[in-house]
1. What do you get for the angle between helix 338-349 and the principal long axis of the chain? Use alpha-carbon atoms, 0 to 90 degrees, nearest ten.
2. Order 204-210, 312-318 from most to least packed using the mean count of other Cβ atoms within 10 Å.
3. Just how large is the dipole of segment 243-391 about the Cα centre, in debye to the nearest 20, putting +1 at every Lys and Arg Cβ and -1 at every Asp and Glu Cβ?
4. So what's the angle, to the nearest 10 degrees on a 0 to 90 scale, between helix 75-84 and the longest Cα principal axis of the chain?
5. Which residue, Arg134, Arg374, Arg244, tops the fluctuation ranking in a GNM of the chain built on C-alpha contacts under 10 Å?
6. Using Cα pairs under 8 angstrom and six or more residues apart, how large is the relative contact order of the chain, in percent?
7. Measure off 7 Å from each Cα along the Cα-to-Cβ vector at Val176 and Ile380, then give the distance between these two points in nanometres to one decimal.
8. Quick check: the distance between the Cα centres of segment 151-200 and segment 12-91, to the nearest angstrom?
Amino acid sequence: MNVALFTDTYPPEINGVATSTENLRNTLLEHGHQVLVIATNPWSKELLVEDGVIRIPGVEMKGLYGYRLTRVFNDEAMKYLVAFRPDVIHCQTDLSVGIFGLLAARRLGVGSIYTFHTMIEDYAYYVTKGHFDRFARHAVRWFYRQKSNIFDEFIAPSDKIKDYLRSIGVDTTIPVIPTGIDFSRFNPDNVEQAKVDALRKKHGIKKEEKVILSLGRIAKEKSIDLLLRGYAKFLKEGEPEPTRFVITGLGPAEEELKQLCVTLGIQNKVVFTGKCEPTETQYYYGLGDYFASASITETQGLTFMEAMASRLIVLARYDDNLVGTIQDGQTGFFFFDEDGFGTKLREVMAMDAPSRKRVNAAALKAIDVYSMERFYHNIIEVYTRVRTKNW
């Protein structure tokens, strides 16, 4: 089957949509399908074609998280699509390139699929700056109701997203297909320890220090400030053993968080490592002992699962979306606020080795449903159904 994937973001960009799209492409290729990715070009104003990826130039929207806005139709890219002759078109994004995907499907007469990856309502403040927020949310909901009637299939990556879509009036069939992850590269046995040690040395992390890791975009909706405030209280009460808080990633809130560390007096205990390449995240997980996140805007929580595969103990702010993957006290631990984070961190640091192994084993079992093979079979079933509809 020939599959065209449309996305506004793709590696080397680091985010959940980019990772999900790359994982999808890789598993399709491994199973003998042909894949063409249409994405934005983050490097130049030229259309680039390389290794099955077409990158369309666009304008960077610096006030909108670095998002690149392209034209909704590109004649040159369309020529490649015509030659490729896709059986289905799968859009991973909403605007710009995503609209191009829908227009291409109409022109080529092939079936179209959309996966809901991003809770746009939670990002409205980047555009509204707090003004007309209610109107913006109503507009987003109307947008998705209309969108659900245009695509042949509308996929949700989790039950939480399906419930959200139902709550805003989307009444089409919504298959729930969690994104697949290749967990093998996160297994500590497969991670080159010398590279982990080099990172530790580079960032001045002592061997005896236990690392609390935050990995991902550094932005307001990730609520990393809550973690830092909780960590400051934890330190004030006395740490049971030496720790460092490591924040890996880039984003618009980085400078604000660095200043918060100074205000809290914990700047010497917090390390900002900067960007890491998607192919090297396993080494940063290798630095960690605990993975912490206060975000409640995730559609699926890929980093939580990667951390679990890396044998880190996960501390997550409670979110319905994580229930099932994280079972409190069994596969990971929930907290509700900054005080709860410090308390829970102290609790997990007191765990003995057998208890830690028990949590790790339960976590590995919980994420088995996100295996690449299961993901492949679920997604190919949708593709087959859509292709049949449009014969």
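Values quoted throughout were computed directly from the atomic coordinates according to the rules given, and no laboratory measurement underlies them. As the structure is a prediction and not an experimental result, all values here were calculated from the model. All Cβ positions, glycine included, derive from the backbone under ideal geometry; neighbour counts span all protein chains shown.
1. 70 degrees
2. Answer by packing, highest mean first, reads 312-318, 204-210.
3. Once rounded to the nearest 20, the dipole reads 460 debye.
4. With rounding to tens, the tilt is 80 degrees.
5. Taking springs between Cα atoms under 10 Å, the residue moving most is Arg134.
6. Values: 679 pairs, mean separation 61.4, N = 391.
The normalised contact order for the chain reaches 16 percent.
7. Inter-label distance under the simple model: 2.4 nm.
8. 19 Å
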